[in-house]
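Read the structure below first, then the notes.
The values are calculated or read from the model by the stated rules, or taken from the named source; none is laboratory data. This structure is a prediction, so every number in the text was calculated from the model and none was measured. Neighbour counts run over all protein chains shown; Cβ positions are idealised from the backbone, glycine included.
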Amino acid sequence: MDDAEDILNWRNDERTRASSFNKGVIALSDHLKWLAGKLSDPACHMFIMTDGEEKVGNIRVDVRDGVGEISYMIAPACRGQGYGRKIIELIESQMPPEVTTLIGVTLKSNTASGRCFVSNGYSQEDAEDAIVYSKGIHRMLSPDFSL
Ligand SMILES: CC(C)(COP(=O)(O)OP(=O)(O)OC[C@H]1O[C@@H](n2cnc3c(N)ncnc32)[C@H](O)[C@@H]1OP(=O)(O)O)[C@@H](O)C(=O)NCCC(=O)NCCS
């Protein structure tokens, strides 16, 4: 909850709203209630990415039936410096074993987000007004594993 204010500012940034399916500005009270709910939900994995002391982005994965849906944003002042691509790369190693697939759903107009998924090896599929990116997560078996 210490990061609540930063996350709200990033959520309410003009470009974040324009890239979201729900365009409305988010009120502080709604945000705090939503964030507390997400943080206490065992199916939700949420992280802040830092570079040194600086908070550069936020990523959340909501898991259902082994599929983790990614939602993320980079702090407005830090965009265009490779952090979006990096946060998608890093999230794979943070997933619990039951997550076998990661997906991201973007508006067709959100080419920057699309690039972040494609450059991390996600495949893409057209939906009505959106593009669904997906990737299977393959884990190394331990050396003493045998069938
Ligand atoms: C989408 C977002 C996460 C991208 O993060 P970023 O750190 O700016 O992106 P990167 O610097 O890692 O760049 C990733 C790619 O997008 C391209 N890109 C960056 N900004 C761009 C822009 N404004 N327009 C078009 N392409 C852009 C980069 O050139 C790069 O392409 P490449 O792989 O071909 O080199 C960031 O802009 C953001 O937070 N947007 C608002 C929230 C959002 O859209 N979240 C995703 C919802 S699905």
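State whether the residues of the range 12-33 include one that is among the hydroxyl-bearing types (Ser, Thr, Tyr) and more than 24 Å from Ile103 (Cα to Cα). Even if it seems obvious, please write down each step before you answer.
Filtering the range 12-33 down to residues among the hydroxyl-bearing types (Ser, Thr, Tyr) leaves 16, 19-20, 29.
Next, from what is left, pick out any that are more than 24 Å from Ile103 (Cα to Cα): 29.
Looking for residues that are among the hydroxyl-bearing types (Ser, Thr, Tyr) and more than 24 Å from Ile103 (Cα to Cα), one finds at least one in the range 12-33, hence yes.
Of the residues making up the range 1-36, those that are away from the ligand (no atom under 16 Å from the Cβ), in contact (Cβ under 8 Å) with a residue 12 or more places away in the chain and either among the charged types (D, E, K, R) or exposed (fewer than 12 other Cβ atoms within 10 Å of the Cβ) (or both) are Met1, Leu28. Going by what's in this entry, would Ala127 be described as over 19 Å from Trp10 (Cβ atoms) and either within 9 Å of the ligand (Cβ to nearest atom) or not aromatic (Phe, Trp, Tyr) (or both)? Answer is yes for this residue. Being in contact with a Leu (Cβ under 8 Å, 6 or more places away or on another chain) and assigned to a loop (DSSP other than H, G, I, E, B) is the filter here, so list the residues in the range 114-134 that pass it. Within the range 114-134, Tyr122, Asp129 qualify. The single residue among Ile87, Ile91, Ile70 that is at pLDDT 95 or above and under 21 Å from Asn22 (Cα atoms) turns out to be Ile70.
Among the residues of the range 65-80, write down those that are among the aliphatic types (A, V, I, L, M) and within 7 Å of the ligand (Cβ to nearest atom). Matches in the range 65-80: Met73, Ile74. In the range 85-113, how many are outside any strand (DSSP E or B), within 8 Å of the ligand (Cβ to nearest atom) and either over 16 Å from Ile74 (Cα atoms) or of a type outside the set (Ser, Thr, Tyr) (or both)? So the count comes out to 5. Identify the residue in the range 57-78 that is surrounded by fewer than 17 Cβ atoms within 10 Å (Cβ to Cβ) and in a loop (DSSP other than H, G, I, E, B) and, among all such residues, is nearest to the chain's Cα centre (by Cα). Top of the filtered list is Gly66.
Looking at the range 101-128, I want the residues that are touching a residue at least 40 places away in the same chain (Cβ under 8 Å) and within 15 Å of Ser20 (Cα to Cα) and have a partner that is in a helix (DSSP H, G or I) and near the ligand (Cβ under 9 Å from one of its atoms) with Cβ atoms under 8 Å, at least 6 apart or on another chain. Which pairs are those? Going by the 8 Å Cβ cut-off, the qualifying pairs are Thr106/Ser113; Thr106/Gly114; Thr106/Phe117; Ser113/Gly84.
Here's a check for you: in the range 17-48, which residue that is farther than 21 Å from Tyr83 by Cβ and of a type in the set (Phe, Trp, Tyr) is nearest to the chain's Cα centre (by Cα)? Here the answer is Phe21. Checking His45 against (1) more than 16 Å from the ligand (Cβ to nearest atom); (2) of a type outside the set (A, V, I, L, M, F, W, C); (3) modelled with pLDDT under 95, which single condition isn't satisfied? (3) is the only condition that His45 fails. Scanning the range 40-53 for residues that are closer than 14 Å to Ser71 by Cα and either aliphatic (A, V, I, L, M) or loosely packed, with under 12 Cβ neighbours inside 10 Å (or both) yields Ala43, Met46, Ile48, Met49.
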